[in-house]
Amino acid sequence: MVTYLLRRIGLAGATVLAATFLTYVLLRLVPGEPAQIILTRIFIQDQTAAVSGADVARIAERFGLDAPILVQYGRWLLAALTGDLGNSIRSGRPVLTELGWRLSATALLAALATFTSLALTLALVALKRRAQGRKTGAAVEAIAIGAIALPSFYLGVLLIILFAVRLDWLPVSGFESWAHLVLPIAVLALGQFGFNAILLDGTLDEAYAAPHIDTARAKGLSEGAILATHALPNALVPFVPYLALQFAFLIGGVVVVERLFSIPGLGAYLTDALDSHDGPAFLGAIAVIALTVALANLIADLVVARIDPRIRLARTGS
């Protein structure tokens with residue numbers, strides 16, 4: 001198990017390395033001279049302003065943009081390994097500091113939305129299995145498909161109109177209290193619920209087709225006991241990795257929701273950094289997202305190994 005953990009940690013490091021290097025290269029492929037863009041957008045704040053070659057050269061030297069790209073990336077990587085992601089060009093503050101409180105906001109949203117979506121998925125799928133009726137099954141499927149079909153922005157606007165404007169129950173935007181989290185969590189959870197319900201329902205079909213389910217029924221176990229102790233654990237084996245990737249996706253993919261509800265999260269930070277050509281901020285955000293994806297995959301593998309003894313034994317044997 002120790003060997004497996006070390007191998008997975010090494011893979012996580014390689015994932016972050018590849019993501020940040022490709023991002024660094026792509027940032028340099030953006031049309032325009034980076035030093036000139038920084039000078040006109042950030043310092044002069046006029047993209048049409050005429051600047052001299054000497055001024056551009058000074059900016060390039062100040063931010064290390066005059067060195068070869070591999071040297072630039074190597075400098076950034078060595079500093080990042082010590083916890084230094086550089087300073088934001090826009091604000092002048094350390095990127096790690098800015099990412100800290102923004103990541104905390106996004107991670108809270110992603111975690112609560114993931115758990116809410118999972119609870120809703122388990123409740124409705126269990127209802128479908130317990131009821132065993134065509135109407136109940138069709139209703140659950142219709143809800144799941146409807147949740148997939150509704151875009152996050154459209155659903156968010158509908159919830160704002162209903163609960164914030166018409167009923168005046170919840171605030172429209174901000175991040176000051178738990179009430180501010182209700183609507184964005186609802187949008188994110190409902191957006192993921194449809195995929196979760198369809199996937200879990202499909203894996204349950206496969207789990208119920210196993211021979212030991214018939215044996216459990218022959219022993220007189222109730223359908224609820226069969227679902228909880230036999231079918232659901234097996235169905236969760238392929239479902240858990242998807243759930244982990246879903247959480248990782250929410251970390252970097254909640255831009256629309258954060259913009260809609262004015263939440264100062266990681267997604268908004270990422271788009272602001274890209275729009276202003278703030279290389280250190282954008283690269284630091286990408287590194288955090290890549291690390292989150294790698295850690296989510298690692299945790300998912302450990303959970304699956306815990307659920308399925310066959311996987312645990314196979315990895316121990318290897």
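The values are calculated or read from the model by the stated rules, or taken from the named source; none is laboratory data. This one's a predicted model, so the numbers in the text were calculated from it and none came from an experiment. Cβ placement follows ideal geometry from the backbone for every residue including glycine, while neighbour counts extend to all protein chains displayed. What goes into the accessible areas is simple: the full protein's heavy atoms, side chains included, and nothing from ligands, DNA or RNA. Shrake-Rupley method; radii C 1.70, N 1.55, O 1.52, S 1.80 Å.
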Inside segment 128-147, can you point out the residues that are open to solvent by less than 60 Å² (accessible area, probe 1.4 Å) and not small (Gly, Ala, Ser)? Lys128, Arg129, Thr136, Val140
Being open to solvent by 50 Å² or more (accessible area, probe 1.4 Å), closer than 18 Å to Tyr154 by Cα and under 20 Å from the mean Cα position of the chain (by Cα) is the filter here, so list the residues in segment 168-186 that pass it. Val182
Pick out the one residue from Ala305, Ala273 that is open to solvent by less than 60 Å² (accessible area, probe 1.4 Å) and modelled with pLDDT of 75 or more. Ala273
Single residue of segment 51-105 satisfying the filter (β-branched (Val, Ile, Thr) and part of a helix (DSSP H, G or I)) that is surrounded by the fewest Cβ atoms within 10 Å (Cβ to Cβ): Val71
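Scanning segment 60-109 for residues that are among the hydroxyl-bearing types (Ser, Thr, Tyr) and within 24 Å of the chain's Cα centre (by Cα), which turns out farthest from Ala296 (Cα to Cα)?
Of everything passing the filter in segment 60-109, Ser88 is farthest from Ala296 (Cα to Cα).
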Test Leu112 against the criterion of being within 19 Å of the chain's Cα centre (by Cα), closer than 30 Å to Tyr24 by Cβ, touching a residue at least 24 places away in the same chain (Cβ under 8 Å) and open to solvent by 50 Å² or more (accessible area, probe 1.4 Å), and give yes or no. no
Does Thr229 count as more than 26 Å from Arg93 (Cα to Cα) and buried (at least 16 other Cβ atoms within 10 Å of the Cβ)? no
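From Thr116, Thr136, which residue is polar (S, T, N, Q), at pLDDT below 80 and in a helix (DSSP H, G or I)?
After ruling out the rest, the residue left standing is Thr136.
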